[in-house]
1. Residue 37 - would you say it is closer than 22 Å to residue 83 by Cα and loosely packed, with under 15 Cβ neighbours inside 10 Å?
2. I'd like the residue in the range 12-42 that is more than 22 Å from residue 111 (Cα to Cα) and either at pLDDT 95 or above or not in a helix (DSSP H, G or I) (or both) and, out of all such residues, is farthest from the chain's Cα centre (by Cα).
3. Filter the range 91-125 for residues that are among the aliphatic types (A, V, I, L, M) and buried (at least 16 other Cβ atoms within 10 Å of the Cβ) and give the result.
4. Filter the range 50-86 for residues that are touching a strand residue (DSSP E or B) at 6+ places or on another chain (Cβ under 7 Å), within 21 Å of residue 18 (Cβ to Cβ) and of a type outside the set (A, V, I, L, M) and give the result.
5. Restricting attention to the range 52-90, and to residues there that are of a type in the set (Gly, Ala, Ser) and at negative phi, which single residue is surrounded by the fewest Cβ atoms within 10 Å (Cβ to Cβ)?
6. Quick check: is even one residue across the range 73-91 in a helix (DSSP H, G or I) and in contact with a Phe, Trp or Tyr (Cβ under 9 Å, 6 or more places away or on another chain)?
Amino acid sequence: MKEESKFIKAIAKLIQLTQDGDLKWSINKNTKQITEGTNNIIDVVYTAHEENEHLRLYEMKFKNWLEEDTFEWDNQAFLEIIDELGNAIWTFPSNRTLWDLLEAVRYQTSGVDDFINRLLSKAKK
């Protein structure tokens with residue numbers, strides 16, 4: 001339980017750094033390295049650098065087989081430490097906090113904050 005708490009605190013810190021603008025994420029749509037040879041789907045991969053570590057964050061959609069010929073789509077958020085070539089060195093354990101980080105990163109990279117500010121400044125005129 002202590003390890004899980006430590007991971008959650010680390011992810012919460014990444015959320016805070018992201019929301020404060022101290023951790024900048026980039027969008028990468030090249031997902032082939034992660035999904036090659038599978039039926040899994042990843043729309044967007046986000047990458048960032050914290051200290052000397054390279055981070056990769058994404059949502060993966062995959063088939064959850066219920067029976068031999070019946071499946072439903074499921075999804076999971078992944079946060080990984082990667083090397084310079086994009087190979088996963090370590091993957092954080094799955095937990096709800098990863099979805100919160102993904103939401104913060106999507107908000108930051110979408111530019112929605114700038115859009116809302118521009119929109120609201122026009123409303124004042």
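1. Values: closer than 22 Å to residue 83 by Cα: yes; loosely packed, with under 15 Cβ neighbours inside 10 Å: yes.
For residue 37, the condition - closer than 22 Å to residue 83 by Cα and loosely packed, with under 15 Cβ neighbours inside 10 Å - is met.
2. Only one residue tops the list, namely 37.
3. We begin by selecting, within the range 91-125, every residue among the aliphatic types (A, V, I, L, M); these are 98, 101-102, 104-105, 112, 116, 119-120, 123.
Scanning the range 91-125 gives 98, 101, 102, 104, 105.
4. 53, 54, 56, 58, 59, 75, 76, 78, 80 - these are the residues of the range 50-86 that are touching a strand residue (DSSP E or B) at 6+ places or on another chain (Cβ under 7 Å), within 21 Å of residue 18 (Cβ to Cβ) and of a type outside the set (A, V, I, L, M).
5. Start the filter on the range 52-90 by keeping residues that are of a type in the set (Gly, Ala, Ser), which leaves 77, 86, 88.
Still in the running and at negative phi: 77, 88.
Numbers: 77: 20, 88: 13.
Here the answer is 88.
6. Step one: filter the range 73-91 for residues in a helix (DSSP H, G or I), giving none.
No: the range 73-91 contains no residue that is in a helix (DSSP H, G or I) and in contact with a Phe, Trp or Tyr (Cβ under 9 Å, 6 or more places away or on another chain).
The values are calculated or read from the model by the stated rules, or taken from the named source; none is laboratory data. What you see is a predicted model; the values in this text were computed from it and never measured. As a convention, Cβ positions derive from the backbone with ideal geometry for all residues, glycine included, and neighbour counts pool all protein chains shown.
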